[in-house]
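The values are calculated or read from the model by the stated rules, or taken from the named source; none is laboratory data. Because the structure is predicted, anything quoted here is derived from the model rather than measured. Cβ coordinates were reconstructed from backbone atoms using ideal geometry, including for glycine residues, and neighbour counts include every protein chain displayed. What goes into the accessible areas is simple: the full protein's heavy atoms, side chains included, and nothing from ligands, DNA or RNA. Shrake-Rupley method; radii C 1.70, N 1.55, O 1.52, S 1.80 Å.
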Amino acid sequence: MSESNRSPASLFRACYLLALSLGLAACGSQATRNDIASDGIDHSGRMRGYVESSRVTDFCPDQSERRDDERCVVTRGWDYARGQNIVRTFDPNGNLIATQYPPGADLSLTEPERQRAAALVKLDPRTRDIVNKPDVMLWHGGFAMREPGDPFCDRGSRCIRVIAAVNNGDDVILHSVVDLMSDRVVYPDYVPSGRKAAHSSLEH
């Protein structure tokens, strides 16, 4: 049907639907821009999926039924989709025989996790001017933390302490905490004996 033959009601309906769709598209693009602008950080590099932290051989749960030289493989890792530790046990043939989800934050960091934790501190507007200097060293090799009742670093978090120091690492100038689950610096200026406000500006 040509435009000239369409009724006023149908033309109005078509114009309304077009305006509605354009409005929704504009709102969607604006929301995306706001997400990016909220902290000025590109979150496309955040940790995702399952990250294996360790893989070792150990006695099998049913070792009495196996030869002395047979060992199972035990893997430990963090599931960023579920916010959980995962321990998997595989028999000598590679078959999965046990899966556990132990609580706690005792997993060592993988290299991608260390890099992401350092990157967030270097990108965050509250910390970047302090840490992005040639003489500043970042210590972030294995300072995982979990504190019951903490609003950011309790169950389901993957909080990592990142410590900035000068003079070859001897003098600490900043202690921050990054949560890799939410991909952000949750404590820009962390004091173990008494935290400062999570989102307050740092005093320089």
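Yes or no: Arg155 basic (Lys, Arg) and in contact with a strand residue (DSSP E or B) (Cβ under 8 Å, 6 or more places away or on another chain)?
Details: basic (Lys, Arg): yes; in contact with a strand residue (DSSP E or B) (Cβ under 8 Å, 6 or more places away or on another chain): no.
So Arg155 fails the test.
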Show the residue pairs that are 6+ apart or on different chains and have beta-carbon atoms under 9 Å apart, the first residue being within segment 119-144 and without any contact (Cβ under 8 Å) to a residue 12 or more places away in the chain, the second being of a type in the set (Ser, Thr, Tyr) and part of a helix (DSSP H, G or I).
none
Do you know which of the residues in segment 68-101 that are surrounded by fewer than 17 Cβ atoms within 10 Å (Cβ to Cβ) and among the acidic types (Asp, Glu) is nearest to Cys153 (Cα to Cα)?
Asp79
Filtering segment 41-62 down to residues that are under 11 Å from Pro92 (Cα atoms) and open to solvent by less than 40 Å² (accessible area, probe 1.4 Å) yields Cys60
Segment 72-91 residues that are on the phi < 0 side of the Ramachandran plot, paired with ones that are basic (Lys, Arg) and in a strand (DSSP E or B) (beta carbon under 6 Å, 6 or more apart)
Thr75/Arg55; Thr75/Arg88; Val87/Arg76
